[in-house]
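S.K.: Here it is, the structure, as structure tokens.
Nothing in this text is a laboratory measurement; each read-out follows from the coordinates by a stated rule. All values derive from a computational prediction rather than experimental measurement. Glycine also receives a Cβ, built like all others from the backbone with ideal geometry; neighbour counts cover every protein chain displayed.
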Amino acid sequence: MDTLTIQWILLLLFGGVFFGLAPWAKTNNQFFNAVSKTGNQPGFWILTSSLVISWIFAKSITNAANLGLSFGIVGGVGYAVYYLSFIVAGIVIYKLRTKGGFNSIHQFLQTKFGRTSLLIFSLLIGIRLFNEVWSNTMVIGSYFGDYGSSQYYLAIIVFTLLTLAYVLKGGLRSSLISDAIQMIFFGVLLVLILGIILPSGEQTVNDYVTSGTWSWATGGNLVLLAFLQIFSYPFHDSVLTDRAFLGNPKTTLKSFILGSLIGFACIVLFSLVGVFGQFNDLTGQAAVEVGKLMGVVVMLAMNFIMITSAASTLDSAFASFSKLIVLDVSKKNHQTIKRGRLMMIIIAVAGTIPVFFNPEILSATTISGTMVMGLAPVFILWKLKAPPISFYLAVGFGVVMGVLVASDAYPKALLFSEGKYAADVSANLLGLICCFVLYLTPVIINKSIAKSYT
């Protein structure tokens, strides 16, 4: 039996097992809020594992390995910094719940800035979730065939349908249950992979830890870029923020902090796969090439770790998009499970279309992260009494900066570093400062006007 056949068996077995384990959701609370049949909220460990594995998606570990291949451990650390987003979001949302009394991000925005701000924010979330579909399924396709081949496209379609099937059955509850199991798979497979490849070379632990060069052009740009984006990036990811309202506030905050540390460590460790590839002068997609180099066992382990991580993000994206449209945006009489399942089907179909146009996987992270930089003052300064115009100015400016970077129109004169991500890091640093200034300016003007009348 050849390797490709085994991969297909694993994929189909994966889909069948998770469909069998998924509970039938019969109420809105079960489908949209992951409440059990007995009415219990998700516990600490289920919530923590769900947070971690839903962010350690196929796109992430592929990027981590590729960045390790390109920049050594510096690249892995740079990408891992994104996982500090958990701490930022955890603390802010804890305050929103305990001090502000809000039950969701959307309630906070509509209450403070009006329904238009809610719709704009929802559009940004929709773009994010749309990106999550194609950017993860493309990774799966690459393990079954070359880009453009029939095996490549067939694997993407089958994988998407299998994941869609079990999340249609149980909604967010299915997603959390599968996440807990997938986290165990991921941990075991990561230990297996590193346990095989790291001792196989002549390099020592110190060689891995000191790999790469700490300069702007060799990964330093990404480190700073990720740090700048953690103050806005998590708030447009409903996969993350939805989970911040599932348990009681203290349990949730603890889950977010622990999840941040676990996620950071996992990404750095998986980047060592790419560092190993660098030591062996490999080129191309790091995880795939290392798998080929090390033989069938590692290749199959790589394949299965991608399937589990991609599925955890894909089912979460389906569940979050469903909740976004049905609960957060729609009117009360449209908030039904039937409508929720329909939304999952729509995002699955729409999110698959881009795979036929070969977009760059990492762009789904860096560009969307730039476009939402304006959310930083909105949430970091949540307690400040700001008028709606503050929201529009900050968020609008962030979107403009994201478009400039995405279209390669960002002024070269404003770059302060060189190498890859130079435009991204410059746009995010200068843009973040401008967003805070734009957000605060109407507040200061209003206070000045009020003071002049007293």
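S.K.: Between Phe279 and Thr213, what is 0.36 nm times their sequence separation minus the Cα-Cα distance? Round to one decimal in nm.
M.R.: 22.3 nm
S.K.: Might you report the magnitude of the Cβ-based charge dipole of segment 3-365 about its Cα centre, with Lys and Arg at +1 and Asp and Glu at -1, to the nearest 20 debye?
M.R.: I would put it at about 1940 debye.
S.K.: By how many nm would the segment from Tyr453 to Leu119 lengthen if fully extended, with 0.36 nm per residue of separation less the alpha-carbon distance?
M.R.: Length gained between Tyr453 and Leu119: 116.8 nm.
S.K.: How much length, in nm to one decimal, is gained on full extension between Ser417 and Thr38, taken as 0.36 nm per residue of separation minus their Cα-Cα distance?
M.R.: That pair, Ser417 and Thr38, stretches by 130.9 nm at full extension.
S.K.: Are there chymotrypsin sites (Phe, Trp or Tyr not before Pro) in segment 1-64 that DSSP puts in a loop and that have at most 13 other Cβ atoms within 10 Å, and which ones?
M.R.: Trp24
S.K.: Summing -39500 (n - 2.57) over the DSSP H runs of n ≥ 4 in the chain and dividing by its residue number, what mean residue ellipticity at 222 nm do you reach, to the nearest 500 deg cm²/dmol?
M.R.: So the helix-based figure for the chain works out to -24000 deg cm²/dmol.
S.K.: Note the count of lysine pairs whose C-alpha atoms are less than 29 angstrom apart in segment 350-454, limited to pairs 8 or more residues apart or on different chains.
M.R.: Value for segment 350-454: 5.
S.K.: Same structure, new question: Evaluate E = 1/(1 + (r/R0)^6) for Ala409 and Val349, where r is the Cβ-Cβ distance and R0 equals 25 Å; express this FRET efficiency to the nearest 0.05.
M.R.: 0.20
S.K.: Quick one: if you stick a label point 7 Å off each Cα along the C-beta vector at Ile127 and Phe357, how many nm between them?
M.R.: 1.4
S.K.: Bin by bin, in steps of 5 Å, what percent of the Cα pairs in segment 202-296 do you find, going until the bin that has the longest distance?
M.R.: 2, 10, 14, 18, 17, 13, 11, 9, 5, 1
S.K.: Label-point separation (nm) for Thr3 and Leu261, each offset 7 Å from Cα along Cα-to-Cβ?
M.R.: The modelled label-to-label distance comes out at 3.8 nm.
S.K.: Taking a ≥ b ≥ c as the square roots of the eigenvalues of the Cα gyration tensor of segment 159-248, is the shape rounded (a/c under 1.5), prolate (a/b larger than b/c) or oblate?
M.R.: Judged from the Cα gyration tensor, segment 159-248 comes out oblate (a/c at least 1.5, b/c at or above a/b).
S.K.: Do the alpha carbons of any pairs in Lys99/Lys254; Lys37/Lys99; Lys99/Lys250; Lys112/Lys331; Lys112/Lys338 sit beyond 22 Å of each other, and which pairs?
M.R.: The pairs that break the limit, which is 22 Å between Cα atoms, are Lys37/Lys99; Lys112/Lys338.
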